[in-house]
Amino acid sequence: MTIETIELWRGRIDLVSPFRTSFGTETFRDLLYVRAVGDRNAGWGECVAMATPNYSSEYLENCVQVISRFLLPLIKGDTTAESFIATVAPIRGNYMSKACVESALLDVQLRDQDISLARFLGATQSRVASGVSVGIQASLGDLVRVVGEYIAQGYLRIKLKIEPGSDIEVVHTVRKEFGDDLLLQVDANAAYTRSDTAHLKQLDAFNLLLIEQPLAEDDLAGHVELARAINTPVCLDESITSLDTARGALDLGACPVINIKPGRVGGYIEAKKIHDLCLARGIPVWCGGMLETGIGRAANLALAALPGFTLPGDTSASARYFARDITEPFVLMDGYIDVPTGPGIGVEPLADMLATLTKSATFKL
Ligand code: OSB
Ligand code: MG
């Protein structure tokens, strides 16, 4: 394989409904893709960064800068996903930028080898159990209606976004309405502090699968303390940015569950390493999401098909996000989504959707 050029593609796609979290409200998804053009195939990677630095310190326009100024100049014709990771190691952080480029390189090299990403990563499942992440709603009535619709569509697990002032009653309402058998979890996106321990302990009454990222990204010690004080399993999202942070969090006892997002940890190869560590230690993992279009979703499904992914992920169907996805839509069937089987990520942008994107830069190697 020889990489010849790398293209950056930008775009924007509306969400079917506003998505409100403790850090803000999204009504559209700003898009950034890297397309790596090789001598035989081309590969795509989607950047998961949001438009603003609220979920993490990374944001999309900054990723354009990091990728163009610092990552792409390190790529040579014979760079592979694996050698890219080693080459960009001196660049600190910027996981989402690295992951985006790595994904495109991985896609093109696996297409050349005629291997699916799922097979490359060691997937053992042909379909993935799907959960759905439900944003903070304007009223409890809206919440019950929205959750009811997702359950009717077949989603196997509901995740409720929470924040101070919209938490205990929200969970109580959903439990009362939909019963004790519903697989239910919450995600605070770092909205609480250590002084909220007694408040969060009230969630113990509702038999939740887990509470995701209750405290600040940096506050591992706080999560250790909280995990000891409450019965609801603590799961980390924002805090886990690498294999090292994952190992550290597990060693400290900060979390009995981990949400693995490839974009947040620098790519699919690092994500697999975190999966392998967790599998070896008996720690269940699940695949998170970042409102990806079909490009990133296809790759996430491949990862989520690994054996340690024993909890349903935020790998929802295309229709949960977009009226029309960038790729052929991923559809929910009896609560599951099929893992792509074609070479690489197994999908491509549809011609008419590609026409809504802009090639913003081309780098010749
Ligand atoms: O915290 O998991 C999160 C979306 C954007 C940024 C952060 C998060 C989320 C979600 C939705 O919860 C996941 C998805 O459905 O893609
Ligand atoms: Mg989260």
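The values are calculated or read from the model by the stated rules, or taken from the named source; none is laboratory data. What you see is a predicted model; the values in this text were computed from it and never measured. Note that we place each Cβ from the backbone using ideal geometry, even for glycine, and neighbour counts take in every protein chain shown. Ligands, DNA and RNA are stripped out before the accessible areas are found, and what is left, the full protein with its side chains, is counted by its heavy atoms. Shrake-Rupley method; radii C 1.70, N 1.55, O 1.52, S 1.80 Å.
Hey, any idea what the orientation-averaged projected area of the convex hull of region 116-218's Cα atoms comes to, in nm²?
Approximately 8.4 nm², given one-decimal rounding.
In nanometres, what is the gap between the two model label sites at GLN65 and MET333, each 7 Å from Cα along Cα-to-Cβ?
Inter-label distance under the simple model: 4.5 nm.
Could you state how much accessible area HIS172 has, in square angstrom rounded to the nearest 10, with a 1.4 Å probe and all protein chains kept in place?
80 Å²
How much of the DSSP beta bridge set in the chain is antiparallel, as a percent to the nearest 5?
60 percent
Counting only helical runs of four or more DSSP H residues, what would the 222 nm mean residue ellipticity of the chain come to if each run contributes -39,500 (n - 2.57) and the total is spread over all its residues?
-9500 deg cm²/dmol
Hey, if we sort THR52, THR124 by accessible area with the 1.4 Å probe, largest down, what's the order?
Ranked from most to least accessible, the order is THR124, THR52.
Output the 0 to 90 degree angle, nearest 10, between the alpha-carbon long axis of helix 243-252 and the longest principal axis computed from the alpha carbons of the chain.
Long axis of 243-252 versus the principal axis of the chain: about 20 degrees.
Each residue of region 264-269 in turn: what ³J(HN,Hα) in whole Hz from Karplus with 6.51, -1.76, 1.60 and θ = phi - 60°, glycine and Pro shown as x?
7, 10, x, x, 6, 6
Taking region 180-269 as the region of interest, what is the percent of Cα-Cα pairs per 10 angstrom bin, listed from the shortest bin to the one with the maximum distance?
18, 52, 26, 5
Just give me a number: lysine pairs in region 118-338, eight or more positions apart or cross-chain, with C-alpha atoms less than 22 Å apart.
Final tally of qualifying lysine pairs is 9.
Which distance in Å, rounded to a whole number, links the C-alpha centroids of region 249-277 and region 55-94?
Cα centroid of region 249-277 versus Cα centroid of region 55-94: 20 Å apart.
Of the options ALA323, PRO343, PRO307, report the single residue whose Cα projects farthest towards the positive end of the charge dipole of region 303-355 (beta-carbon charges: Lys, Arg +1; Asp, Glu -1).
PRO307
Give the peptides 253-264, 296-307 in descending order of average Cβ contacts within 10 Å, highest first.
296-307, 253-264
Ignoring everything but the protein chains, give the 1.4 Å probe accessible area of ARG145 in square angstrom, nearest 10.
Taking all protein chains as shown, ARG145 has close to 120 Å².
Let me spell out the model: positive unit charges on the Cβ of Lys and Arg, negative unit charges on the Cβ of Asp and Glu, origin at the Cα centre of the chain. What dipole size does that give, in debye rounded to 20?
For this selection, approximately 320 debye.
Taking 0.36 nm per residue of sequence separation and subtracting the Cα-Cα distance, how much length would be gained by fully extending the chain between ARG40 and ASP251, in nm to one decimal?
My answer for the length gained is 71.5 nm.
If I model a spin label at ASN54 and THR358 as a point 7 Å from the Cα along the Cα→Cβ vector, what separation in nanometres do I get?
Distance between label points: 2.4 nm.
Please determine, in degrees from 0 to 90 and to the nearest 10, the orientation of helix 294-304 with respect to the longest principal axis defined by the Cα atoms of the chain, where the helix direction is its Cα long axis.
Here the helix axis deviates by roughly 70 degrees.
For region 356-365, what does the Karplus curve 6.51 cos²θ - 1.76 cosθ + 1.60, with θ = phi - 60°, yield as ³J(HN,Hα) per residue in whole Hz, taken in order and with x for Gly and Pro?
7, 9, 10, 6, 8, 6, 10, 10, 8, 8
If you line up the long axis of helix 95-113 against the longest principal axis of the chain, both from Cα atoms, how many degrees apart are they, to the nearest 10?
Its long axis makes an angle of about 60 degrees.
Please give the net charge around LEU301, taking every other residue with its beta carbon less than 12 angstrom from that of LEU301, where Lys and Arg add +1 and Asp and Glu add -1.
Result for the neighbourhood of LEU301: -1.
Hey, can you find the accessible area per residue of region 118-338 for me, probe 1.4 Å, expressed in square angstrom?
Accessible surface, normalised per residue, equals 36 Å².
Taking only protein heavy atoms and a 1.4 Å probe, what accessible area per residue, in Å², does region 1-42 have with all protein chains in place?
42 Å²
Do any cysteines of the chain lack a neighbour Cys whose Cβ is under 4.7 Å away, and which are they?
Cysteines of the chain left without a disulfide-compatible partner: CYS63, CYS235, CYS255, CYS278, CYS287.
Sort the chain into rounded, prolate or oblate with this rule: let a ≥ b ≥ c be the square roots of the eigenvalues of the Cα gyration tensor; rounded if a/c is under 1.5, and if a/c is not under 1.5, prolate when a/b is larger than b/c, oblate otherwise.
In terms of gyration-tensor shape, prolate.
Carbon and sulfur atoms: what percent of the 1.4 Å accessible area of region 118-338 do they account for?
Taking all protein chains in place, region 118-338 shows 52 percent carbon and sulfur surface.
Taking a ≥ b ≥ c as the square roots of the eigenvalues of the Cα gyration tensor of region 80-173, is the shape rounded (a/c under 1.5), prolate (a/b larger than b/c) or oblate?
Verdict is oblate for region 80-173.
Based on the alpha-carbon gyration tensor of region 317-365 and its eigenvalue square roots a ≥ b ≥ c, which shape applies: rounded if a/c is under 1.5, prolate if not and a/b is larger than b/c, or oblate?
Note, shape of region 317-365 comes out oblate.
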